[in-house]
1. What does the convex hull of the Cα atoms come to per residue for chain B, in Å³?
2. In the calculated pair distance distribution of the stretch A:85-124, what percentage of Cα-Cα distances lie above 11 Å?
3. In a Debye calculation with equal point scatterers on the alpha-carbon sites of the stretch B:2-93 and no solvent, what is log10 I(q)/I(0) at q = 0.23, 0.24 Å⁻¹?
4. Could you sort A:66-75, A:22-31, B:80-89, A:152-161 so that the peptide with the highest average Cβ count within 10 Å comes first and the rest follow in order?
5. State the percentage of accessible surface on the protein assembly as shown attributable to carbon and sulfur atoms; use a 1.4 Å probe and exclude ligands, DNA and RNA.
6. If you count only protein heavy atoms with a 1.4 Å probe, what accessible area per residue comes out for chain B, rounded to a whole Å²?
7. So what's the convex hull volume per residue for the Cα atoms of the protein assembly as shown, in Å³?
8. To the nearest 10 square angstrom, what accessible area does A:D290 show with a 1.4 Å probe?
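The values are calculated or read from the model by the stated rules, or taken from the named source; none is laboratory data. For clarity, every value in this text was computed on a predicted model and none was experimentally measured. Reconstructed Cβ throughout: ideal geometry from the backbone, glycine too, with neighbour counts over all protein chains shown. Side chains included, ligands, DNA and RNA excluded: accessible areas come from the protein's heavy atoms. Shrake-Rupley method; radii C 1.70, N 1.55, O 1.52, S 1.80 Å.
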Amino acid sequence: MVDLSVDLGFLKLRNPVLAASGTFGYGLEFEPFMDLNSIGGFVVKGLYFGPREGNPPPRLVETAGGLINAIGLQGVGVEQFAEEILPRLRKYQTAIFVNVCGASDEEYIRAIEYLNRYEGIAAYELNISCPNVEKNGACPALNSGHTFSLVKLAKQASRLPIIAKLSPNVTDIVEIAKAAEEGGADGISLINTILAMAVDIETQRPKLTNIFGGLSGPAIKPIALRMVYQVVSAVKIPVIGMGGIMTGSDALEFLIVGAKAVEVGTANFIDPAATLRIVGEIEDFCRRNDVKKIAGLVGTLKV
Amino acid sequence: MTKDPAARIVLKQEWGNYFLFGVESPALAGEAKPGQFLMVRVSDHIDPLLRRPLSIHARERNTLEIFFKIAGRGTALLARKKEEDRLDILGPLGAGFRLDAGLKGKAVFVVGGGRGIAPLYFLARELRTAGARVKVLYGGKSLPDLPLKQKFEKAGLDVACSTDDGSSGFHGLVTGLLQNETNKQNPAALFVCGPDPMMKKTAEIAAREKIPAQFSLESMMGCGFGACWGCVKRIRKGDDGAWRKICEDGPVFSGDEIVWEEEG
């Protein structure tokens, strides 16, 4: 029997595999394919205070081993989520994280204050890193000062733990991670997508209406892994790693470099039960290698 | 909706760049309705990464058929599969066509352009089973782009064809053929699938003639089941139109729901 549980300090998870925000809808979309209780948890699609229209299509481009998206965080607002969707998620004994967005610092806080009134949310993942909502991929996580101040405000407003989701589109990820830690974040998740583009040579136009989008999928895994390694070496708060995880061995790489848990993103589109499969593949690895507790494998990288 | 990781290819037919596969999958075939689609993996590896959305072309007991034209790298890879190969398929997905009970005894037109004919064979046969008098209008650039003409005829369906170059049937676009047909007699309903300009023109004819019309839209899709929000189109549902998901809210919409894009 392998003990797959992990402890984020503020929260214990059944296993280290979470589904990443923006790739798992509001969770309900995956009910036909898997038992949501079989994974460590999931992060629901980013929520602004109010509903969001999102970007005009085309919103997706497939690239070599990857996917560029410019959805623009279309979705319901906190009210519809809390009143209509959350009640249907409460029956699950799995950790439900809400990815919180804002067009301004005030909007993040309004969303958090609204959601504070509802039961059934394990933590907020503060989405300070979406590249698709402001011009040129601008977002708070590109700046350590803004990361610090916004995390601090969110932490003051929140009755739940705050996980800051960081952007890879920076020169020094460690500086931003430290700013999030100093701002009071209970945890860090990274990486969000990598700012990217693609061109149609026939029309000489960008393939995305938004011009830029965020690259995800297996193409970005080595970059994500490097950044997670850099961050776990620099902060004391738990780190959740993500970026291109398709298999159990991908997830294990992130755990070995020191992530306490992982988020699985783009893989959910191709295989809606990817998270469940990855839990199984991690368990198989542990059995084969006589690993009794997955937590014991975290941060065991030998350098 | 389910996933069959190993649906066996039991039939393969090809006509130039057009391909038809029959895949045996009781789990998928059992629930299938006309207008629904499948998400098919074209590679076992990470490139191409995404599944490809393909309409359900026909259902025969435990078998579903897909019909497609090579349109890029994904469909080119798929076209290389052989009988006895296995396909990893999600489906059936989407809401499909609405078959109104009031169509019994009524004339209906099924209008397909190019590879857009794919979902209309399944639909035409179901419409006939429901008692409608079905006429199929099938258009393509040239005779080789009408590979399914005989299949419709063999099924005993009334088919009229059009080709842009006049090599078969009506000389012109399928929308011209439709205009001719509606000049003779308006059907009780239109069911349409084809390239966007053809569907937009058909929607104009339907609106002018006040014929209820349903359109099966095509889009690149990230997931096919509502999780990625990548395949949106502006659709009215008692509002002025919002970005709604083709995969989940459609792929079939009525003409008055679709906000057709201005030609750029």
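1. 131 Å³
2. The proportion of pairs with Cα distances above 11 Å equals 66 percent.
3. Here the Debye-derived log intensity ratios amount to -1.20, -1.32.
4. Going from most to least packed, we get A:66-75, A:22-31, A:152-161, B:80-89.
5. That fraction is 50 percent.
6. 42 Å²
7. Looking at the protein assembly as shown, the number lands at 156 Å³ per residue.
8. 110 Å²
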